[in-house]
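Participant: One structure, pasted below without further comment.
Only the coordinates and a few stated rules stand behind these numbers; no lab work does. Computed from a predicted structure; not experimentally measured. A quick note on method: Cβ atoms are made from the backbone with ideal geometry, for glycine too, and the neighbour counts reach across all protein chains shown.
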Amino acid sequence: MKKLALILGFALAATGGIAQAATHEHDMSRATSQANQSAHTGTGVLKAVNAKDGKVQIAHQAIDSLGWPAMTMWFALRGSLPQDLKVGDGVRFELAQENGKQWVIVAIQRK
């Protein structure tokens, strides 16, 4: 009878751990989903503007929320570049991913 009680106790403990692990995984997937939907902001220097194609080149600092190191990149703009910005200006910008592929600047302003 003691063996049966021990086996039953271990079985309950094991299934409780599995249920807890499943709950933990669910919470993690929700956190990852929320992180993917949150805004990603960066700061840098406006290096070039391609008005014809609606793109800007920015030498940006590391963007920790994306795991990106500091680098210089071309970004598409959603909308137009504010008229008061010019090459060489420090900028603060917000990025969003479109179609699960391309990162697009959805807001930009002078830093």
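Participant: Note down all Cβ pairs under 7 Å where the first residue falls in the stretch 98-111 and is without any contact (Cβ under 8 Å) to a residue 40 or more places away in the chain and within 18 Å of Val87 (Cα to Cα), the second is among the aromatic types (Phe, Trp, Tyr) and in a strand (DSSP E or B), and they're at least six residues apart or on different chains.
Facilitator: These pairs meet every condition: Ala107/Phe93.
Participant: Wholly within the stretch 49-111, which strands (runs of 3 or more DSSP E) include no fewer than the required count, namely at least 3 residues that are under 15 Å from Ala39 (Cβ atoms) and among the β-branched types (Val, Ile, Thr)?
Facilitator: Result: 102-110.
Participant: Checking the conditions here, which among Val104, Val49, Val87 is more than 16 Å from the chain's Cα centre (by Cα) and surrounded by 13 or more Cβ atoms within 10 Å (Cβ to Cβ)?
Facilitator: Val49
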